[in-house]
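The values are calculated or read from the model by the stated rules, or taken from the named source; none is laboratory data. None of the values given here were measured: they were computed from a predicted structure. Reconstructed Cβ throughout: ideal geometry from the backbone, glycine too, with neighbour counts over all protein chains shown.
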Amino acid sequence: MKKTYQAIQEAPAGATNRRGAGPGPRLALIAGVVLTMLVLAACGNNGSNSAASGNTAEAAGNAPAAGSEVPAVLNYGFIGSNKLNVPGGAEGWGFHKGIIQEELKKHGITEVKLTGFPNGPDQTESLISGRLDFGSLGDTPAIIAYASGAKTRFISQSSAHTVGYLIGKKDGPQTVKDLQGATIAIQKGSFMHRYIVGLLQQEGVTDYKLVHMLIPDATAALARGDVDALTNTGVPALKLIEQGYTHLDDSSVHPDLLGSSVTVVSEEYLAKFPDFPQVWNAAREKALADLKQHEEEYYEFLADIGDTTPELVKQVSPISDLKDTAFTDEGLKLLQGTKDFLVQEKLAKKDFEISDWQQK
């Protein structure tokens, strides 16, 4: 408005100089009225233009003030490592097909950075440190972390049928009871840690040694005979059995020793995006619905990231294991039992109510 006002003043001043004399009183009065009307009109036009500019910016994608706190980049962690750098399940399918990214864009998230971890404890460390915003992992490390003071919230339980396998060395133990006095490789703080401790307790095996090893190291140690057995899950476990290692047990015959996959978000991120749990679960459910329309393609996708065959992944990761809602009574009951066991065995530092951790 200031620039317009100056231009209007300059025009009459120039006209006066050309005539060489100042205007009379009547002309001055008329000029003043016209000048005032022009100034008011200019101000009104500028105000209208400002309003139009604001509407255009919002239509162009500028988030409102409340949404501006949502970071454009979302950092997500999962368990595993593969050439596509995606997890399995509905989450992995959703990222692979772009379904989840498209849903998150509606809320200002323009990039999702995915990071695979060898185990749950490593992932929870990154979540606690702030390198991750949220992640999907086994229930045991997530519970242990929360019981140790990690500021996380439990927002969904995508599966409640994770099967752990106990594999013995060749020409070694033939039954679980044969593990009396044995050395067993585990991933400390993982679902498989909870499974083996619970199993040995049920079988009355009291004298054993657990050593923490990541799967590649544990597999090599088993081949050398340095350990008597190891715990593993999924396709890698079935491959060991195919290679002649002894299948001592698996948790499919111990429903109380099954594991589940949970998704947790940091309270810090939740403070920036309070609606994130609903947004994430809706995106995941949309991906699951699409997955069910392309079952064979989904199994080929799992085989690709697991470097195996669709037939094998159908055995260990059937679509029927995937939950289509954030929480189920069956899953929460299993989670409660796992939490109680971890507290009893002092693997979890303190007891807590699942409902206090759960973000509904």
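Any residue in segment 184-205 that is outside any helix (DSSP H, G or I) and free of Cβ contacts under 8 Å to residues at least 40 places away in the same chain?
Start the filter on segment 184-205 by keeping residues that are outside any helix (DSSP H, G or I), which leaves 184-190, 204-205.
Checking which are free of Cβ contacts under 8 Å to residues at least 40 places away in the same chain leaves us with 204-205.
Within segment 184-205 (the criterion being outside any helix (DSSP H, G or I) and free of Cβ contacts under 8 Å to residues at least 40 places away in the same chain), the answer is yes, since at least one residue qualifies.
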Quiz prompt | Scope segment 73-117; condition hydrophobic (A, V, I, L, M, F, W, C) and more than 21 Å from ASP324 (Cβ to Cβ); matching residues | solution = VAL73, LEU74, ILE79, LEU84, ILE109, VAL112, LEU114, PHE117
Quiz prompt | Filter result for the condition that a residue is closer than 17 Å to ASP171 by Cβ and of a type in the set (Asp, Glu), over ASP249, ASP228 | solution = ASP228
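Hey, does segment 45-66 have a residue that's modelled with pLDDT of 50 or more, more than 18 Å from ALA289 (Cβ to Cβ), exposed (fewer than 12 other Cβ atoms within 10 Å of the Cβ) and of a type outside the set (Asp, Glu)? Before the answer, list the steps.
Let us first name the residues in segment 45-66 that are modelled with pLDDT of 50 or more, namely none.
The answer is no; no qualifying residue exists.
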Self-check item: Among (1) of a type outside the set (Gly, Ala, Ser); (2) under 19 Å from PRO216 (Cβ atoms); (3) crowded, with 18+ Cβ neighbours inside 10 Å - the single one LYS188 does not satisfy
Solution: (3)
Self-check item: Candidate set from segment 295-329 (those that are touching a Ser or Thr at 6+ places or on another chain (Cβ under 7 Å) and outside any loop (DSSP other than H, G, I, E, B)); member that is farthest from PRO255 (Cα to Cα)
Solution: ALA303
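Output the number of residues of segment 183-230 satisfying the condition of being on the phi > 0 side of the Ramachandran plot and either charged (D, E, K, R) or more than 32 Å from the chain's Cα centre (by Cα) (or both). Give the derivation first.
Applying the first criterion (on the phi > 0 side of the Ramachandran plot) to segment 183-230 yields 189, 204, 225.
Checking the rest, the ones that are also either charged (D, E, K, R) or more than 32 Å from the chain's Cα centre (by Cα) (or both) come to 204, 225.
Total satisfying the criteria: 2.
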Quiz item: When residues of segment 87-108 are filtered for being buried (at least 20 other Cβ atoms within 10 Å of the Cβ) and assigned to a loop (DSSP other than H, G, I, E, B), how many remain?
Solution: 2
